[in-house]
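Colleague: Could you have a look at this structure, given as structure tokens, before my questions?
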Amino acid sequence: MMTRPLDYTRRHFLGQMTTGLTGVALSGLFTREMLAAAARPPHFAPKAKQVLQIFCPGAASHLDLWDHKPMLEKFDGTPMPGGETEVTFQGKNGNLMKSPWPFAPAGRSGKMISTLLPHLAPHVDDMAFIHSMTSRTNTHGPGCIAMNTCFPREGFPSAGAWLSYALGSLNDNLPTYVAIQDLRGEPPNGKANWGNGFLPAQHQGVAIAAQQPLRNLARPAAIDEREDRATRAFLEQINAEHAAAHPGSDELRARMEAYELAARMQLTAPDVCDLSREPAHVHALYGTNDANKLKAAYARNCLLSRRLLEKGVRYVSLYCASRASAVDGLLNWDAHKTLRADYDRHAPIFDQPTAALLADLKQRGLLQDTVVLWCTEFGRMPTHQEGTAGRDHNPDAFTTWMMGAGVRGGVSHGATDDFGRRSVQDVATVYDFYATVLHLLGLDHEKLTYYHNGAARRLTDVHGHVLKSILT
């Protein structure tokens with residue numbers, strides 16, 4: 001039975017001092033033991049240890065960024081063969097519409113890339129494009145969480161949560177999984193994109209951003225450092241005793257680990273989030289002081305991503321744009337009505353800072369251990385939406401890409417048809433995408449499971465094949 005602090009006498013204090021100090025040490029070991037228990041060795045030797053996921057919500061158009069279609073240019077303004085009566089997400093479609101921006105060869109490979117992305121174009125020789133992606137939904141919210149969890153409905157763990165569960169942390173003082181949201185707000189379906197689902201709570205992503213660092217880390221002015229340390233030591237002791245009496249309590253373990261991590265982050269996180277420590281030439285490379293406030297904010301998030309990866313954060317999700325608004329295409333890449341105006345606004349925000357991040361990771365050697373993913377939730381139609389100069393949703397064809405550790409640069413997997421309407425060659429799914437990501441991290445997607453509601457659940461459900469053509 002524990003003596004209440006107010007009942008302590010000198011005799012009690014001397015008698016329990018030894019066991020109390022032992023308890024403090026034990027609690028520290030206990031917490032790290034739990035962290036180690038949460039981590040598992042990979043199934044085989046990994047090519048990558050960390051993941052950077054760059055996500056452009058709003059269904060960024062493959063036809064205007066990555067997937068060059070000469071036939072779309074040739075037959076611009078004519079009906080799409082077989083699609084004259086086709087109805088998609090927002091209704092009827094008009095004639096074929098070529099991209100307003102020409103494509104040009106880039107890199108040694110001569111890959112055709114939109115001239116909308118002049119800074120990213122030189123990186124194509126390091127990228128492996130998946131041009132035949134498909135989605136199970138044509139709605140933004142379900143599409144975003146499907147691209148993050150492999151399921152179009154909420155309640156399932158994100159890929160970052162699965163990797164936190166499977167591999168654990170690479171550092172003691174920062175979260176294993178971080179989600180960096182755009183200045184404009186959260187993506188469609190918000191926090192479900194980095195949720196833990198049915199996995200233990202400590203595996204959910206921690207949301208931060210350069211414009212909104214981790215809050216409540218500073219010690220209140222009324223509490224001095226010695227009192228703070230003593231309080232934490234006492235809490236560690238009673239937490240350890242309570243945990244020993246309640247083995248297998250995931251929620252208790254999550255709370256204990258969160259509090260322990262928060263205490264350690266008081267020293268580490270402010271330093272990592274302090275971008276003023278970076279030299280002027282790095283800020284210029286990223287564009288953190290650009291006159292475009294949205295571009296500057298995204299650039300600071302890109303720089304924060306690199307700093308987090310340097311410090312050993314396992315999985316970083318970086319968002320460029322946010323949820324839909326009353327005006328299509330204003331806050332994200334959802335260009336239903338005014339494609340040219342929308343992408344002339346979004347592409348400059350995305351292009352330079354992202355290219356700077358890739359270059360910075362490469363020159364620092366971080367791509368030796370980091371795989372970079374570029375994602376969006378689905379594609380756009382090759383036709384214009386009836387009565388508009390924009391494109392409707394297209395879940396049957398879109399592009400993603402990977403680069404970095406274990407990825408074969410300068411290659412493409414799969415293809416869409418002549419107009420980019422449907423994926424037709426080596427058709428890929430989000431299950432294939434994450435089966436490949438897990439493979440790069442030394443994990444067999446069929447063996448990484450968690451028992452829930454009578455089933456051994458997987459990130460890839462009961463599907464998925466590794467895309468071996470894009471691997472080294």
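The values are calculated or read from the model by the stated rules, or taken from the named source; none is laboratory data. Bear in mind that the values here come from a model prediction, so they are computed numbers and not experimental data. All Cβ positions, even for glycine, are placed from backbone atoms using ideal geometry, and neighbour counts span all protein chains on display.
Colleague: List the number of the failed condition for Ser169; all other conditions in (1) in contact with a strand residue (DSSP E or B) (Cβ under 8 Å, 6 or more places away or on another chain); (2) of a type in the set (Ser, Thr, Tyr); (3) closer than 23 Å to Pro213 by Cβ hold.
Modeller: The number of the failed condition is (1).
Colleague: Which residues, counting only those in region 212-224, are within 36 Å of the chain's Cα centre (by Cα) and at pLDDT 80 or above?
Modeller: Gln212
Colleague: Also: Can you tell me which residues in region 105-121 are closer than 17 Å to Ser61 by Cβ and either surrounded by fewer than 17 Cβ atoms within 10 Å (Cβ to Cβ) or among the hydroxyl-bearing types (Ser, Thr, Tyr) (or both)?
Modeller: The answer is Ser114, Thr115.
Colleague: For region 332-354, what are the residues that are over 17 Å from the mean Cα position of the chain (by Cα), part of a helix (DSSP H, G or I) and closer than 30 Å to Phe151 by Cα?
Modeller: Leu339, Asp342, Tyr343, His346, Ala347, Ile349, Asp351
Colleague: So which residues in region 97-116 are closer than 19 Å to Phe378 by Cα and of a type outside the set (Val, Ile, Thr)?
Modeller: Selection gives Met97, Lys98, Ser99, Ser114.
Colleague: Moving on. Evaluate the following for Phe198: is it in a loop (DSSP other than H, G, I, E, B), touching a His at 6+ places or on another chain (Cβ under 6 Å) and either of a type in the set (A, V, I, L, M, F, W, C) or under 26 Å from Leu471 (Cβ atoms) (or both)?
Modeller: The answer is yes for Phe198.
Colleague: Can I ask one more? If Gln212 satisfies all but one of (1) among the polar types (S, T, N, Q); (2) surrounded by fewer than 24 Cβ atoms within 10 Å (Cβ to Cβ); (3) in contact (Cβ under 8 Å) with a residue 60 or more places away in the chain, what's the number of the condition it fails?
Modeller: Going through the list (1) among the polar types (S, T, N, Q); (2) surrounded by fewer than 24 Cβ atoms within 10 Å (Cβ to Cβ); (3) in contact (Cβ under 8 Å) with a residue 60 or more places away in the chain, Gln212 breaks only (3).
Colleague: Return yes or no: is Lys74 crowded, with 17+ Cβ neighbours inside 10 Å and either charged (D, E, K, R) or closer than 20 Å to Met127 by Cα (or both)?
Modeller: no
Colleague: Specify the residue that is modelled with the highest pLDDT; the eligible residues are those in region 242-291 that are of a type in the set (Asp, Glu) and exposed (fewer than 15 other Cβ atoms within 10 Å of the Cβ).
Modeller: Looking at the filtered set, the residue picked out is Asp274.
Colleague: Return the residues of region 420-447 that are surrounded by fewer than 23 Cβ atoms within 10 Å (Cβ to Cβ) and more than 17 Å from Val407 (Cβ to Cβ); say none if nothing qualifies.
Modeller: Within region 420-447, Arg422, Val424, Gln425, Val427, Thr429, Tyr431, Asp444, Glu446, Lys447 qualify.
Colleague: Within region 329-350, is even one residue in contact with a Leu (Cβ under 7 Å, 6 or more places away or on another chain), of a type in the set (D, E, K, R) and crowded, with 20+ Cβ neighbours inside 10 Å?
Modeller: Taking every residue of region 329-350 in turn, none turns out to be in contact with a Leu (Cβ under 7 Å, 6 or more places away or on another chain), of a type in the set (D, E, K, R) and crowded, with 20+ Cβ neighbours inside 10 Å.
Colleague: With the structure loaded, tell me whether Ser164 is surrounded by 21 or more Cβ atoms within 10 Å (Cβ to Cβ) and more than 30 Å from Pro70 (Cα to Cα) or whether it fails that test.
Modeller: yes
Colleague: When only residues in region 291-323 that are among the small types (Gly, Ala, Ser) and within 19 Å of the chain's Cα centre (by Cα) count, which is nearest to Ala60 (Cα to Cα)?
Modeller: Ranking the candidates gives Ala321 first.
Colleague: For region 83-119, give me each residue that is part of a strand (DSSP E or B) and polar (S, T, N, Q).
Modeller: Thr88, Asn93, Asn95, Ser114
Colleague: Across region 376-400, which residue is nearest to Met112 (Cα to Cα) among those that are buried (at least 24 other Cβ atoms within 10 Å of the Cβ) and among the hydrophobic types (A, V, I, L, M, F, W, C)?
Modeller: It comes out as Phe398.
Colleague: In addition: Looking at (1) surrounded by fewer than 17 Cβ atoms within 10 Å (Cβ to Cβ); (2) of a type in the set (Val, Ile, Thr); (3) touching a residue at least 24 places away in the same chain (Cβ under 8 Å), which is the only condition Val87 fails?
Modeller: (3)
Quick grid of which residues meet (1) modelled with pLDDT of 95 or more; (2) under 25 Å from Cys273 (Cα atoms); (3) part of a strand (DSSP E or B):
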site: His123; (1), (2), (3): yes, no, no
site: Ile130; (1), (2), (3): yes, no, yes
site: Ser135; (1), (2), (3): yes, no, no
site: Ser164; (1), (2), (3): yes, yes, no
site: Asp172; (1), (2), (3): no, yes, no
site: Pro175; (1), (2), (3): no, yes, no
